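Data first, discussion second: the structure below is written as structure tokens.
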């Protein structure tokens, strides 16, 4: 499995386990975090914290300020681009 697919799987796992109000039925790389998955800004921060604590994926604070995270694919790309190690599932 590629690093991007592992990252997407980690995102889906965290949403499933910690964000029960998110609409997982439409989860895909192109799913919009807010409009499709119903993930608001607080939920996005929770997602990022759980990705770091549970899967070792870190997003630098400055990256959150400079990157627009609209889709799952955007979040995946940011996680991969910031030099995260192999994803632990």
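The values are calculated or read from the model by the stated rules, or taken from the named source; none is laboratory data. Here the structure is a predicted model, which means the values were calculated and not measured. Glycine gets a Cβ as well: all are built from the backbone with ideal geometry, and neighbour counts include every protein chain shown.
Within segment 19-26, can one find any residue that is free of Cβ contacts under 8 Å to residues at least 40 places away in the same chain, farther than 21 Å from residue 82 by Cα, part of a helix (DSSP H, G or I) and in contact with a helix residue (DSSP H, G or I) (Cβ under 8 Å, 6 or more places away or on another chain)? Outline the logic, then answer.
Within segment 19-26, the first condition is being free of Cβ contacts under 8 Å to residues at least 40 places away in the same chain, and the residues that meet it are 19-26.
Right, trim to farther than 21 Å from residue 82 by Cα and you get 19-26.
If we keep only those that are part of a helix (DSSP H, G or I) too, we end up with 24-26.
Still in the running and in contact with a helix residue (DSSP H, G or I) (Cβ under 8 Å, 6 or more places away or on another chain): 24.
Checking segment 19-26: at least one residue is free of Cβ contacts under 8 Å to residues at least 40 places away in the same chain, farther than 21 Å from residue 82 by Cα, part of a helix (DSSP H, G or I) and in contact with a helix residue (DSSP H, G or I) (Cβ under 8 Å, 6 or more places away or on another chain).
So how many residues does segment 27-44 have that are in a helix (DSSP H, G or I) and loosely packed, with under 13 Cβ neighbours inside 10 Å? Give the derivation first.
Step one: list which residues in segment 27-44 are in a helix (DSSP H, G or I), which gives 41-44.
Filter once more, keeping what is loosely packed, with under 13 Cβ neighbours inside 10 Å: 41-42.
Residues that pass the stated criteria total 2.
For residue 79, indicate whether it is outside any helix (DSSP H, G or I), under 12 Å from the mean Cα position of the chain (by Cα) and at pLDDT below 95. Give the steps one after another, and end with the answer.
Numbers: outside any helix (DSSP H, G or I): no; under 12 Å from the mean Cα position of the chain (by Cα): yes; at pLDDT below 95: yes.
Taking the combined requirement at face value, the residue does not satisfy it.
Take segment 55-72 and flag every residue that is modelled with pLDDT under 95, in a helix (DSSP H, G or I) and surrounded by 15 or more Cβ atoms within 10 Å (Cβ to Cβ). Walk me through it before giving the result.
Restricting attention to segment 55-72, the residues satisfying the condition of being modelled with pLDDT under 95 are 55-69.
Filter once more, so that each one left must be in a helix (DSSP H, G or I): 55, 61-66.
Correct list: 55 only.
Is it true that residue 32 is at pLDDT below 95 and under 13 Å from the mean Cα position of the chain (by Cα)?
Working: at pLDDT below 95: no; under 13 Å from the mean Cα position of the chain (by Cα): yes.
No: the conditions fail for residue 32.
Would you check if residue 10 is within 20 Å of residue 82 (Cα to Cα) and surrounded by 15 or more Cβ atoms within 10 Å (Cβ to Cβ)?
Values: within 20 Å of residue 82 (Cα to Cα): yes; surrounded by 15 or more Cβ atoms within 10 Å (Cβ to Cβ): yes.
Yes: the conditions hold for residue 10.
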